[in-house]
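The values are calculated or read from the model by the stated rules, or taken from the named source; none is laboratory data. Keep in mind the model is a prediction, meaning the values are calculated, not measured. Neighbour counts run over all protein chains shown; Cβ positions are idealised from the backbone, glycine included. Heads up: the accessible areas ignore ligands, DNA and RNA and are worked out on the full protein's heavy atoms, side chains in. Shrake-Rupley method; radii C 1.70, N 1.55, O 1.52, S 1.80 Å.
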Amino acid sequence: LADGSYVAEERAQSVEAMWTRADQGYPLVYLTGRPYELTDITREWLAELGYPAGTVQLVDDVAEILPTNSAVGTFKLRTLNAYTDRGFVLDAAYGNATTDIYGFLGAGVPEDRAFILGVHGGEQGTVALGDDYVDHAAAIATEPPARQPFRW
């Protein structure tokens, strides 16, 4: 990370799945436990791969980057609660870590709309996606538009 040579792995069909969500009217938020010093690298990675535009939120306090519920999990929960406090509806959420599950479910994302990749998929009633978005990208293509109380 320090010298810029590390490149995060893209999950197959993730870009397509996020474009489907964007086209359905979902306001996208890329919420990560990365420290704020990696904001530019994160935005560049999303742009280079062709992800749709969205808000990018990283941890402001390095004490919150620890991969625990009391650190990054609480950051994610607090951030998602700030969105719901402003009137957003958390229709769907995607992640791959237990801290994602903690934040998503704590903020009111329905279990059947909390999509988790990798080994933690299915925990606490979440939807297991496996290791990629291939099947999911096709499955969501016919879903109705997002249920936000305002036009995004």
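Structure notes:
- Set side by side, the residues ILE101, ILE41 differ, and just one is aliphatic (A, V, I, L, M), without any contact (Cβ under 8 Å) to a residue 40 or more places away in the chain, in a helix (DSSP H, G or I) and surrounded by 14 or more Cβ atoms within 10 Å (Cβ to Cβ), which is ILE101.
- One residue from ALA114, ALA146 being surrounded by fewer than 18 Cβ atoms within 10 Å (Cβ to Cβ) and either under 22 Å from GLY54 (Cα atoms) or within 16 Å of the chain's Cα centre (by Cα) (or both): ALA146
- Residue check for VAL72: in contact (Cβ under 8 Å) with a residue 12 or more places away in the chain and within 21 Å of LEU117 (Cα to Cα): yes
- Per this entry, LEU90 is counted among residues that are in a loop (DSSP other than H, G, I, E, B), surrounded by 15 or more Cβ atoms within 10 Å (Cβ to Cβ) and not small (Gly, Ala, Ser).
- Among all positions in region 44-64, there is at least one residue which is small (Gly, Ala, Ser), modelled with pLDDT under 95 and not in a loop (DSSP other than H, G, I, E, B).
- Of the residues making up region 110-150, those that are in contact with a helix residue (DSSP H, G or I) (Cβ under 8 Å, 6 or more places away or on another chain) and part of a helix (DSSP H, G or I) are GLU111, ASP112, HIS120, GLU123, GLN124, GLY125, HIS136, ALA137, ILE140, ALA141.
- Hey, ASP135 open to solvent by 20 Å² or more (accessible area, probe 1.4 Å) and under 26 Å from GLU10 (Cβ atoms) or not: yes
- Close contacts from region 13-29, counting a first residue that is touching a residue at least 40 places away in the same chain (Cβ under 8 Å) and in a loop (DSSP other than H, G, I, E, B) and a second that is surrounded by fewer than 18 Cβ atoms within 10 Å (Cβ to Cβ) and of a type in the set (A, V, I, L, M), with Cβ to Cβ under 6 Å and a gap of 6+ residues or different chains, come to GLN13/VAL134; GLN24/ALA146; GLY25/ALA146; TYR26/ALA146.
- Scanning region 44-61 for residues that are open to solvent by less than 30 Å² (accessible area, probe 1.4 Å) and within 20 Å of TYR83 (Cα to Cα) returns PRO52, VAL56, LEU58, VAL59.
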